[in-house]
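In what follows, a single structure is set out as structure tokens and then discussed.
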Amino acid sequence: MAAFCFGQKNRNSKTDLQQKIKLIDNLVKSANEIGIFNGNVLVSYQDKIIYKASVGFTDATKTTRLTDEYRFHLGSVTKEFSAAALLQLEEQGKLKLSDPVSQFIPELPGWAREVTIKDLLQYTSGIPNVNWKTIKNDKDIYNDLFLIDQLSFKPGTEYDYNNNNLFLRQFIIERIAGIPFKTYVEKYLFLPLKMNSTIMTPFETDQNIAHGFSNQSVPDRAELPITGGTYTTTTDLLKWADSLHSGKVVNKNSLYELGQNFPISDSQSALGNARFENKNLKEHAHDGRAGNFEALLFSDVEKKTTIILLGNNYNGKLFDISEAINAILKNENFKVPQK
């Protein structure tokens with residue numbers, strides 16, 4: 001089925017904003033009705049939340065409706081927390097991005113002398129991916145690193161996006177801070193930013209936790225008790241984005257470092273995809289997936305616009321929905337996403 005395009009006429013500012021909100025609401029409800037989005041949406045425009053919605057169900061049983069208090073797994077957007085923590089420690093003089101991994105975890109094999117923290121942030125370490133067949137917990141991940149006898153390529157020369165980079169970041173933070181990574185994030189990121197609804201795995205409570213499910217209503221498998229997966233609300237994720245962009249998490253130079261990526265197409269930085277001009281952040285987009293959870297954070301920093309989509313029924317349409325919402329906000333023609 002072909003996508004339709006709609007145009008918008010200029011109106012006075014108040015009526016124009018009301019029309020934008022109506023169009024966004026129709027778009028989100030349509031996406032839910034045709035089966036391409038089940039989740040929560042937040043739109044911040046000119047630094048004000050103008051739209052929040054919950055559409056669909058909390059789990060595969062489809063008996064309980066979502067509300068804006070429900071928390072969703074962020075998938076790879078979670079990687080921003082370990083990256084920001086490392087840059088906080090750098091600002092405190094406790095590390096340099098050029099430091100090798102072996103400086104903090106000296107017992108690792110020889111390859112740890114070649115891999116730097118910068119490599120872990122930009123996925124240029126050459127470390128092979130996690131052997132998920134043998135992994136059940138954090139200790140298994142740590143022990144698996146000792147079985148790596150050589151790197152896939154010389155660090156800094158190629159790009160390979162995999163989770164061993166993430167887990168090594170977390171282990172380094174634990175060594176430097178002297179506390180579990182989860183405790184560090186809760187104490188130095190979530191608490192100061194008043195991200196009171198955000199929780200990191202492993203956790204015991206299941207209150208207001210959405211559960212992933214497929215289009216065939218098959219629930220996701222239980223998550224392994226591995227540290228780092230983050231569940232949050234749209235409101236808390238907005239707090240994170242606003243705080244990160246305004247220098248409340250790390251300074252301007254550190255933010256710029258977080259946004260640097262290996263110079264090939266489709267490579268990601270620690271922030272996903274970030275665009276800078278003269279070291280000023282202009283745009284920040286990061287998506288994630290975990291089972292049937294899907295997440296998208298998009299910020300046009302210059303235009304003070306942030307669009308957040310958190311879902312628990314994967315359909316791969318979040319970018320289409322976000323682009324349509326952004327077009328509405330800019331009074332541009334937009335395509336209605338289709339199944």
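The values are calculated or read from the model by the stated rules, or taken from the named source; none is laboratory data. Source: prediction; values computed, not measured. Because the Cβ atoms are built from the backbone with ideal geometry, glycine has one as well, and the counts that use them run over all protein chains shown. For the accessible areas, the whole protein counts, side chains as well, though only heavy atoms, and no ligand, DNA or RNA atoms are used. Shrake-Rupley method; radii C 1.70, N 1.55, O 1.52, S 1.80 Å.
Shape analysis of the range 258-339 based on the Cα gyration tensor places the equivalent ellipsoid semi-axes at 22, 18, 11 Å, largest first.
Around the Cα centre of the range 291-330, unit charges on the Cβ atoms of Lys, Arg, Asp and Glu (plus for the first two, minus for the last two) sum to a dipole of about 120 debye. Under 16 Å of direct C-alpha separation, and excluding same-chain neighbours fewer than eight residues apart, Lys279 reaches these aspartates and glutamates: Glu257, Asp300, Glu302. When the charge dipole of the chain is built from unit charges on Cβ atoms (+1 for Lys and Arg, -1 for Asp and Glu) and taken about the Cα centre, the candidate among Leu189, Val130, Ala53 whose Cα reaches farthest toward its positive end is Ala53.
Percent of Cα pairs in the range 115-242 per distance bin of 10 Å, from zero to the largest separation: 11, 33, 36, 18, 2.
Over 24 Å apart: what share of the alpha carbon pairs of the range 1-124 falls there, rounded to a whole percent? Counting every Cα pair in the range 1-124, those more than 24 Å apart make up 57 percent. Using C-alpha pairs below 8 Å separated by at least 6 residues, the relative contact order for the range 141-263 is 23 percent.
Summarise the long-distance tail of P(r) for the range 177-275 by giving the % of C-alpha pairs beyond 19 Å. Please list the in-between numbers first.
Values: 2773 of 4851 pairs.
Value for the range 177-275: 57 percent of Cα pairs lie more than 19 Å apart.
Exposure check, 1.4 Å probe, all protein chains in place: Thr233 carries approximately 10 Å² of accessible surface. When chymotrypsin sites (Phe, Trp or Tyr not before Pro) are flagged only if DSSP places them in a loop and at most 11 other Cβ atoms lie within 10 Å, the longest unflagged stretch of the chain comes out as 147-339. Taking every alpha-carbon pair under 8 Å whose residues sit at least 6 apart, the chain reaches a relative contact order of 28 percent. Between helix 79-91 and the chain there is an angle of about 60 degrees, using the helix long axis and the longest principal axis of the Cα atoms.
Of Lys94/Lys194; Lys14/Lys335; Lys118/Lys330; Lys29/Lys118; Lys139/Lys304, which sit over 31 Å apart, Cα to Cα?
Numbers: Lys94/Lys194 25 Å; Lys14/Lys335 24 Å; Lys118/Lys330 36 Å; Lys29/Lys118 42 Å; Lys139/Lys304 42 Å.
Going by Cα-Cα distance, Lys118/Lys330; Lys29/Lys118; Lys139/Lys304 fall outside the 31 Å limit.
With respect to the chain, whose longest principal axis is taken over its alpha-carbon atoms, helix 13-33 is tilted by about 70°.
Figure note: His73, His211, His245 ranked by solvent-accessible area, largest first, 1.4 Å probe, ligands and nucleic acids not counted: His211, His245, His73.
Annotation: extensible slack from Gln338 through Glu302 equals 10.0 nm (criterion: 0.36 nm per residue apart, minus Cα-Cα distance). List residues of the range 191-212, by number, whose backbone nitrogen lies under 15 Å from a label position 7 Å along Cα→C-beta of Ser246. Under 15 Å, as judged by backbone N against the label point of Ser246, lie 192-195 of the range 191-212. Model label points for Leu17 and Asn131, set 7 angstrom from Cα along the Cα-to-Cβ axis, are 5.8 nm apart.
In the chain, the DSSP-assigned H stretches of four residues or longer account for a calculated mean residue ellipticity at 222 nm of -9000 deg cm²/dmol, using -39500 (n - 2.57) per stretch and the full residue count as denominator.
Only one residue of His284, Ser30, Phe167 has its Cα farthest out toward the positive end of the dipole of the chain, where Lys and Arg carry +1 and Asp and Glu -1 on Cβ, and that residue is Ser30.
Find the relative contact order for the range 1-141 and round it to a whole percent, using C-alpha pairs within less than 8 Å whose residues are 6+ positions apart. Walk me through the numbers before you get to the answer.
Values: 99 pairs, mean separation 13.9, N = 141.
Contact order relative to length: 10 percent.
Starting from the alpha-carbon convex hull of the chain, give the projected area averaged over all orientations, in nm².
Details: hull surface 71.3 nm².
Taking the Cα atoms of the chain, their convex hull projects to 17.8 nm² on average.
Computed from point charges on the beta carbon alone (+1 for Lys and Arg, -1 for Asp and Glu), the dipole magnitude for the chain about its Cα centre is near 1000 Debye.
A viscosity of 1.567 mPa s and a temperature of 4 °C, combined with the Kirkwood radius over C-alpha pairs in the Stokes-Einstein formula, give the range 189-339 a diffusion coefficient of 76 µm²/s. Length gained on full extension, Ser265 to Glu277, computed as 0.36 nm times the residue gap minus the Cα-Cα distance: 2.5 nm.
Pairing the Cα long axis of helix 318-329 with the longest principal axis of the chain, what angle in degrees results, from 0 to 90 and rounded to the nearest 10? The answer is roughly 50 degrees.
Looking at the range 243-295, the trypsin sites (Lys or Arg not before Pro) that sit in a DSSP loop and have at most 15 other Cβ atoms within 10 Å of their own Cβ are Lys248, Lys279. Within the same chain, lysines fewer than 8 places from Lys133 are excluded, and of the rest, none has a Cα less than 18 Å from its Cα.
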